[in-house]
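The values are calculated or read from the model by the stated rules, or taken from the named source; none is laboratory data. Just so you know, these numbers come straight off a predicted model, no measurement behind them. Using ideal geometry, Cβ is built from the backbone for each residue, glycine included, and neighbour counts are taken over all protein chains shown. For the accessible areas, the whole protein counts, side chains as well, though only heavy atoms, and no ligand, DNA or RNA atoms are used. Shrake-Rupley method; radii C 1.70, N 1.55, O 1.52, S 1.80 Å.
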Amino acid sequence: MDRGGEIIQVQIGGGAAGLRLDRALAEMVPQLSRERVKALIASGQVVDANGKPSIDPSRKALDGQAFSVALPPPTPLSNEAQAIELSIAYEDAHLIVVDKPAGLVVHPAAGHFDGTLVNALLHHCAGQLSGIGGVARPGIVHRIDKDTSGLLVAAKSDAAHEGLARQFAAHSIDRRYKAIILGRPNPPEGKVDAPIGRSPANRKKMAIVPGGKRAVTHYQLMQPLREAALIECRLETGRTHQVRVHMASIGHPLLGDPAYSKVAGRHRRLLETINFKRQALHAARLGFIHPVTSIALSFESEMPADMQELLGTLSD
């Protein structure tokens, strides 16, 4: 049993008395999530006042009980830290909000093992990551497609990761996207409520399918354009390719979308002329409650230059 690293002394009191041991310790040590405490108990890192390891996370914690919690140094993540320039909208000891450019993959995966946002954050946050689940890594609680630009939040601590994940699961995060679509929606404001899952015809694509995960997108016309429109989409849920699939399903695919749009004729020539090669989608607003301080935070990002150019061309 390795009890190296930081040692935290805890005495059960207040509202924590009478709770399960894992929950009580998570209440007393807010930088640790309940799952992290469970893992520490399982690995013998939690001992009582007599030096005896506690092995049952479900036992009741009694008022006044003392425990010693050992936090081993975070295990280094296998991914390489890389000096990739980032646009930081906000950062503190617990989390970081990044304004991601189009073309940057968020998480390493097959075909993209480096050059990702995670690689960039490992470099930028070196020495600041307290260990998500015991591993020195940024906590990615949501993702943005490679060719979508805009705001994304990542956790730097275990407690922030758990708190943000809880808000995303409760659909309480304010996420608004700006998109340039083919045609003009009628009515100009509405809601698409249709389940999304893997396309049975192409497993690399998503589709509206029976039995898929519930997905709800609220849209509003922002600016009419030539046979197109700028809209704002507010996500009630957050499914893979949600805005792209939902808008295509009502006959208004995103301009430039390589998977869900078959734009032809004048619009296709226009996209080629200005060399616009991605879906016209930008995560423009992100709002949430800070998982540690409980302060309401909200951030906005202007559309990047390529979407501004597309918007200007369609406005002529």
*Output the residue which, of all residues in the stretch 294-316 that are open to solvent by 60 Å² or more (accessible area, probe 1.4 Å) and part of a loop (DSSP other than H, G, I, E, B), is nearest to HIS161 (Cα to Cα).*
SER294
*Restricting the stretch 144-164 to residues that are of a type in the set (Gly, Ala, Ser) and not in a loop (DSSP other than H, G, I, E, B), the residue that is nearest to ALA280 (Cα to Cα)*: SER149
*Determine which member of the set PRO291, PRO200, PRO258, PRO224 is open to solvent by 30 Å² or more (accessible area, probe 1.4 Å), over 17 Å from ALA179 (Cα atoms) and more than 20 Å from the chain's Cα centre (by Cα).*
PRO200
*Inside the stretch 209-218, can you point out the residues that are of a type outside the set (A, V, I, L, M, F, W, C) and open to solvent by 20 Å² or more (accessible area, probe 1.4 Å)?*
PRO210, GLY211, GLY212, LYS213, ARG214, HIS218
*asked:* Just the residues that are in a loop (DSSP other than H, G, I, E, B) and either surrounded by 13 or more Cβ atoms within 10 Å (Cβ to Cβ) or among the small types (Gly, Ala, Ser) (or both), please, taken from the stretch 185-197.
replied: PRO185, PRO188, ALA194, PRO195
*When HIS282 is evaluated against the numbered criteria (1) of a type outside the set (Val, Ile, Thr); (2) farther than 28 Å from ALA194 by Cα; (3) at pLDDT 95 or above, which criterion, by number, is the only one it fails?*
(2)
*Scan the stretch 1-15 residue by residue and report those that are surrounded by fewer than 21 Cβ atoms within 10 Å (Cβ to Cβ) and not in a strand (DSSP E or B).*
MET1, ASP2, ARG3, GLY4, GLY5, GLY13, GLY14, GLY15
*Are any of the residues in the stretch 237-246 over 23 Å from the mean Cα position of the chain (by Cα) and crowded, with 20+ Cβ neighbours inside 10 Å?*
no
*Among the residues listed as GLY251, GLY256, the single one being touching a helix residue (DSSP H, G or I) at 6+ places or on another chain (Cβ under 6 Å) and not in a strand (DSSP E or B)*: GLY256
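Any idea which residue in the stretch 17-33 is nearest to the chain's Cα centre (by Cα), counting only those that are part of a loop (DSSP other than H, G, I, E, B) and either among the basic types (Lys, Arg) or under 15 Å from VAL292 (Cβ atoms) (or both)?
SER33
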*Go through (1) modelled with pLDDT under 95; (2) part of a loop (DSSP other than H, G, I, E, B); (3) open to solvent by 10 Å² or more (accessible area, probe 1.4 Å) one by one and return the number of the condition LEU271 breaks.*
(2)
_Number of the condition not met by LYS38 [criteria: (1) buried (at least 19 other Cβ atoms within 10 Å of the Cβ); (2) farther than 20 Å from HIS161 by Cβ]_ = (2)
*Could you figure out which of (1) over 19 Å from the mean Cα position of the chain (by Cα); (2) under 24 Å from ALA284 (Cβ atoms); (3) polar (S, T, N, Q) isn't true of SER172?*
(1)
_Subset of the stretch 165-176 that is assigned to a strand (DSSP E or B) and out of contact with any Ser or Thr (no Cβ under 8 Å at 6 or more places or on another chain) - its residue that is surrounded by the fewest Cβ atoms within 10 Å (Cβ to Cβ)_ = ARG176
